[in-house]
Amino acid sequence: MKLLLVWLLFVAAPAVEQQIPIGIVDFYGLGRVSEADLRRALTIKEGDTISVASGRPAALGESEKRLLTVPGVVRAQVSLVCCDEGRGIVYVGIEEKGRPALRFLPAPSGSVRLPADIVKAGAALEKAFMGAVERGDSAEDDSQGHAFYHDPASRAIQEQFVFFAARDQSRLRRVLHESSDGDHRALAAEVLAYAANKDDIIDDLVTAMRDPYSDVRNNAMRALGILARVPVTVRLTRKIPYDGFIALLGSLVWTDRNKASLALSGLTAERPSVLLEQIWREALRPLVDMARWKSLGHATPALEILMRIAALPDDSVAKATTPAAREEIIQAALGRRQ
C-alpha cells in the first residue's frame, strides 16, 4: 500500500497542516555528480521540518527544480518517506547525463474500470491502515502468499479482497492491462494478489512491473515480493522471473528500488548462483547505494543480497549493528567483483 511509504502516512487528516521533522537525507544514483553539490542545491537538510497538508509538499518540488541546475543531472526525484525514530526520511534520486534510463510500457487508454465496491474497499483499507499505523500497529502476516494486516479492521477489508479476486479475476486483469486510470490499475494489482492460484497471476504482475505509473509497479512488486519470501507455505509451480527486479534497482523512483530489493532479498534467500551472478554483473552499484542508506530498515534488503554475493554467513547482516560493520559487507561484495 502506497500510503505506508510516502509522505501521506504522516498526515492523520490530510487537510490539516503538520510539521514533519526530517531525520535523514540520503541519496541514490550518484556516479560522477558529487553528493556535496547536491546537498547544497537542496532546499531541505537534516534537522529541518517540512509542512505537510494536502497535496505534495512544495519543498520537494522546489528541491527537484534546483537539483536540475547541478551540472550532470538530467532528472531528479525527491521523496519523503516514513520513518526514522518518528522523523521523516528524504530520499534524493538522481539520473545523470549519459546514464541509460529505464523505459516503461506506454500508458493504456482503455475505458474499463473496477467495480464500485472494490474502489470503496480500497479507500476504506487506506483509511483503516493509516489509523492502525498511527496506533503503532503495522504488523502483517504474509504466510498465505498475500498480506493480512494484524489490525482487525484492515484485515477484514483484505479478506474482502480474497472474495473480489475470485469473483472478478478476469475484470481485474483487464483493468490492470487496459485501463487508462492509473489508480484503478494500482488497486487492481493489489487485489489480484489475493487470487487463490498464485501461479495464475505471476505473468500479470510481472507485466505490471513495467507500468508507467509507479503505484502500479509498487503494488505488483509488493505482491511478487511476498510470494518470493513464502515458498514453503504457498504452492508455486512456476518460478518468479527476476530480470525486472534487477532492472528496477536502477530506477529513479524510490519505491521501485525499495520493492525490487525486498523481492530480490527473498529470491536470493537460497543463494541461487545464477541469480546472484546476474545481480553482481548488472546491479552491484545500486545495491551499494541502498546498503549505505542510514535507515537500517530500508538498507537491510540490499545488505542481505550483498552478503550472499560475498558468500558471507547468513547472520552477517544481523551482526552488522554499526556503519563500519555494514561497510565490511559492502566491501566484501565489491571485492568479489574485483
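Rule-based calculations on the coordinates, nothing more; no lab input. The shown structure was predicted, so the numbers you read here are calculated from the model rather than taken from an experiment. Every residue, glycine among them, receives a Cβ derived from its backbone with ideal geometry; neighbour counts consider all protein chains shown.
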Ranking S109, S79 by Cβ neighbours within 10 Å, fewest first, what do you get? S109, S79
In Å and on Cα atoms, what radius of gyration and Dmax does the chain show? 19.7, 55
Out of all DSSP beta bridges with both ends in the chain, state the antiparallel percent to the nearest 5. 70
FRET efficiency, 1/(1 + (r/R0)^6) with R0 41 Å, evaluated for R103 and L334 via beta carbons: 0.90
Rg/Rh (Cα only; Kirkwood hydrodynamic radius) as it applies to segment 151-251: 0.95
Would you mind checking which residues have amide H under 5 Å from F27's amide H? H placed 1.01 Å from N; only 5 or more apart, or other chain. V92
For segment 103-241: relative contact order, % (alpha-carbon pairs under 8 angstrom, 6 or more apart): 28
Between E96 and residues 5 or more places away or on another chain, which pairs have amide H atoms under 5 Å apart, with H built 1.01 Å from N, and which residues are they? V74
Shape category assigned to segment 241-320 from the gyration tensor of Cα positions, a/c cut at 1.5: oblate
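Evaluate E = 1/(1 + (r/R0)^6) for E85 and R56, where r is the Cβ-Cβ distance and R0 equals 30 Å; express this FRET efficiency to the nearest 0.05.
0.80
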Checking the table K239/K259; K65/K120; K45/K65; K45/K294; K259/K319; K294/K319 against a 26 Å threshold on Cα-Cα, which pairs fail? K65/K120
Tell me, in nm to one decimal, what length is gained between D315 and K127 on full extension, where the rule is 0.36 nm per residue of separation less the Cα-Cα distance? 63.9 nm
Can you list residues whose amide H is under 5 Å from Q18's amide H, if they're 5+ apart or on another chain and H is modeled 1.01 Å from N? V52, A53
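With +1 assigned to the C-beta of every Lys and Arg and -1 to the C-beta of every Asp and Glu, and no other charges, what is the dipole magnitude of the chain about the Cα centre in debye, to the nearest 20?
Here the chain has a charge dipole of around 780 debye.
Considering only the other residues whose Cβ falls under 9 Å of the Cβ of L105, what net charge follows from Lys and Arg at +1 and Asp and Glu at -1?
Values: positive: R103, R210; negative: D211.
In short, +1.
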For segment 53-103, just run the numbers: alpha carbon Rg, then divide by 2.2 N^0.38 Å, N being how many residues it has. 1.32
Normalised contact order of the chain, rounded percent, pairs of Cα under 8 Å and 6 or more residues apart: 14
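Scan the chain and note any complete DSSP helix (H) whose C-alpha atoms cover at least 27 Å along its axis and whose Kyte-Doolittle average is -0.5 or more.
Values: long enough: 116-134 (28 Å, 0.69).
Sorted by number, the helices that extend far enough and score high enough are 116-134.
Go ahead and run the numbers for FRET between V74 and K45, Cβ-Cβ distance against an R0 of 25 Å, rounding to 0.05.
The calculated FRET efficiency here is 0.60.
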